[in-house]
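The values are calculated or read from the model by the stated rules, or taken from the named source; none is laboratory data. Everything quoted here is computed from the prediction, not taken from an experiment. Note: ideal-geometry Cβ built from the backbone for every residue, glycine included; neighbour counts use all protein chains shown.
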Amino acid sequence: MQTTRSLILFLALIMALPAMAQVSFEARVSKKRLGINERLRVDFEMNMDGDNFRPPSFDGFRVLGGPNQSISNSWINGRRTYSKTYSFFLAPQQKGTLAIGQAVIEIDEVLYKSSPVSVEITEAVQRSNDDSNADYLASENVHLVAEVSDTTPYLNEAITVVYKLYVSNEVSITANWREIDAPKYADFWSQSIDQKGQMKIYEGDYEGEPYRYVILRTTVLYPQKTGPLEIEPLTLDVPIDVRSNKRDFIGRFMMTRVNKTISAGRQTIQAKPLPLTEQPDDFSGAVGDFDFDLTASKTLLDVGESLEIKVGVSGTGNLKLFELPKPNFPNALEVYEPTRQDKIKTKSSGMTGSFGQQYTIVPQAQGAFPIQSLSFSYFDPKKEIYITKTSQPLVIEVENGPVLPTTLSRDEDTETGLAEEIPANRGFKYIKLKSDWQTIKTKPFFNTRIFWLWLLLPLGLIPLWYAYRNWHAKRHGDTTKNTIRRSRHLAKKYLSEAKAQRHNHANFYEALERALHNFLKAKLNIATSDLSQENTAHLLAQKGLDEGVVAQFISLLKRCDMARYAPSLQGASDRDFDAARELIALMDKQLSS
């Protein structure tokens, strides 16, 4: 009987071994249906320890955070329970049914794949009005707006799109926002206006409430088609500091950071066609307010001399989007290919300045050569009429050279040109055929002072080269001085961003803390997630750093963390900057020894 019971237990244990050794690797999502403005958490969980985790591509999503790793290991009633999880936080970028692909993990040299998971992305959902919710507060206090100067412009009339980021006094942001989607202006000629220097903060109103705002971008657009035209939205990822329910040691509310995706929204304009009634025959598409002229650099010259004739337009409008009329030159004037001269600036009101075509002309015979006046037509969108401007005619007087073989009136010469070619033996009689050249006597270069100076100069440089090489070897052979120089260079490298932000208290300490973390990551080869103050102190002590140096470094990190939310003290930033520079140099020396 006892033997039978033992056999049954043994067989049950054998049958349970495969179940106990079975590997589980699954993907779980926080919700199967969510709005496009919500966030999704994805967990890849396994019941045995694995390596070489490879996540899916997350097509249709933007990764906001992850992978965050967590491990659970417990014993209950003598039975061990183990789980290891990789977590990601995602933001959907399009509506519809999106699939999260298979992740891969290696456990005991065997590859395991998770099953795909599908989620449904719907229209944006209404968030709950919860003042204690950081995500809600960030959404309600930061807005991106695209202001269009005119929604019903004419074809080729300038409009301006100004992108403004409004921030209420309840939250704060830094300049570390990231552009996700830049607008594409498919049906427009566009040019952005650079925001020179640092962005200026303005005071203004948003929906009747006081806000601060910055101008991110100003773009000038010229519609190239008529009818409804769409301006695609600008989308940003903005880190927002929101007040939390926690308080610091002196009783003030602490801040928590939330990353939000905000969009300016899609804009639609209705481009109107230019009126066809009373449109001039010579109209070439110019829209704006212009002046037009035809000028010559001189009107009296000799045969063989050159002059420049310029056809120019100046004013405000689509200066780069139309052509100028071409003059009709008499045949006795040799005309070269014209060159374009632009002096055009783009302002918020559109393109302004001037441009023209400059012709270089060389007359081949004597005479008076008229150049007829030119007309230039444009559409004025403010007056909503066509305007034609006509230049004054020019007469070019040419003297001292071969004469025309036939006598033509000015009108005949303008219309038909010369009746016959100028004979070559007459057209160049004025060229001097005999020269007055004289032989120039030169002294020989060989055996002169300059000759010997250039010959001996390289030999004289040899001692200087030996002296420099010895100095260079001695300088680089001094290990102590080399270490000091390298440490100073390292401190300057990591602290350059913090030094540039000294005028801004919060940005300075944020940049200083980031510089200290980057230094640790470079020297200790660790990830950002391992840079807690306790773990940092433990790692630095393991590397053999002095306890006093470690204590100073941790103290400086704590001051950086507190100073971002505390009022600025006179001289505190300078002292902390000098302390960081000395600590980086000292720690680099000890870690390298």
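The table below gives the values:
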| read-out | value |
| --- | --- |
| Scope segment 295-316; condition outside any strand (DSSP E or B) and of a type in the set (Gly, Ala, Ser); matching residues | Ser297, Gly304, Ser306 |
| Where Val287 falls short, out of the listed (1) closer than 26 Å to Thr218 by Cα; (2) crowded, with 16+ Cβ neighbours inside 10 Å; (3) modelled with pLDDT under 95 | (3) |
| Leading residue by the ranking (farthest from the chain's Cα centre (by Cα)) among those in segment 86-126 that are assigned to a strand (DSSP E or B) and among the small types (Gly, Ala, Ser) | Ser118 |
| Subset of segment 142-162 (residues that are among the acidic types (Asp, Glu) and either surrounded by 21 or more Cβ atoms within 10 Å (Cβ to Cβ) or at pLDDT 95 or above (or both)) | Glu157 |
| Residue selected from segment 172-231 under the condition farther than 20 Å from Gln267 by Cβ and hydroxyl-bearing (Ser, Thr, Tyr), by the criterion modelled with the lowest pLDDT | Thr174 |
| Considering residues of segment 280-294 that are more than 13 Å from Ser375 (Cα to Cα) and not small (Gly, Ala, Ser) only, the residue nearest to the chain's Cα centre (by Cα) | Val287 |
| Elements of type strands (runs of 3 or more DSSP E) contained in segment 1-64, each with 1 or more residues being at pLDDT 85 or above, out of contact with any helix residue (DSSP H, G or I) (no Cβ under 7 Å at 6 or more places or on another chain) and under 15 Å from Pro116 (Cα atoms) | 25-29, 40-46, 51-54 |
| Residue in segment 543-550 that is in a helix (DSSP H, G or I), modelled with pLDDT of 80 or more and surrounded by fewer than 13 Cβ atoms within 10 Å (Cβ to Cβ) present | yes |
| Number of positions in segment 83-119 that are surrounded by 13 or more Cβ atoms within 10 Å (Cβ to Cβ) and closer than 19 Å to Met48 by Cβ | 14 |
| Conditions (1) touching a residue at least 12 places away in the same chain (Cβ under 8 Å); (2) more than 15 Å from Ile262 (Cβ to Cβ): number failed by Tyr206 | (2) |
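Yes/no per residue for (1) farther than 18 Å from Tyr222 by Cβ; (2) more than 39 Å from the chain's Cα centre (by Cα):
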{"residue": "Ala296", "(1), (2)": "yes, yes"}
{"residue": "Ile309", "(1), (2)": "yes, yes"}
{"residue": "Phe322", "(1), (2)": "no, no"}
{"residue": "Pro330", "(1), (2)": "yes, yes"}
{"residue": "Glu337", "(1), (2)": "yes, no"}
{"residue": "Asp342", "(1), (2)": "no, no"}
{"residue": "Gly353", "(1), (2)": "no, no"}
{"residue": "Gly356", "(1), (2)": "yes, no"}
